[in-house]
Amino acid sequence: MELTSNEAVKQAIIAGLGYSILPLIGIKNELMLNQLDVIDVPKLKLESEWNLVWLKSKSLSPQAKSLLNYIETHKNRISMEHFGWISEYEK
């Protein structure tokens, strides 16, 4: 089956139509509501990296520079505060 969005995949899984690989951040609510569960698959370790991007020719405003500086300075705290729950599902 081919579905065109993560939401469609989630709903298909909830309906019992199979399994999928989805990012934890995209299924947080379903995990918290016990609608979905994570199956540990040994040796299948998928990692992603998030990046901030902007148009190379763009001259960043002072506010944008301030935001970049803030994120760089506080990225570990921001990560734990907003994404710390993910560690519960990491094996």
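The values are calculated or read from the model by the stated rules, or taken from the named source; none is laboratory data. All figures in this text were calculated on a predicted structure; none of them were measured in a lab. Here the Cβ positions follow ideal geometry from the backbone for every residue, glycine too, while neighbour counts run over all protein chains shown.
Is it fair to say residue 15 is among the small types (Gly, Ala, Ser), loosely packed, with under 10 Cβ neighbours inside 10 Å and modelled with pLDDT of 90 or more?
On the way: among the small types (Gly, Ala, Ser): yes; loosely packed, with under 10 Cβ neighbours inside 10 Å: yes; modelled with pLDDT of 90 or more: yes.
So residue 15 passes the test.
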Pairing a residue in segment 25-41 that is farther than 10 Å from residue 89 by Cβ with any residue that is aromatic (Phe, Trp, Tyr) and loosely packed, with under 12 Cβ neighbours inside 10 Å, where Cβ atoms lie under 9 Å and the two sit 6 or more apart in sequence or on different chains, gives 39/19
Restricted to segment 65-91 and to residues being of a type in the set (Phe, Trp, Tyr) and closer than 20 Å to residue 34 by Cα, the residue nearest to the chain's Cα centre (by Cα) is 83
Filter segment 54-91 for residues that are surrounded by 10 or more Cβ atoms within 10 Å (Cβ to Cβ) and of a type in the set (Ser, Thr, Tyr); the one that is modelled with the lowest pLDDT is 89
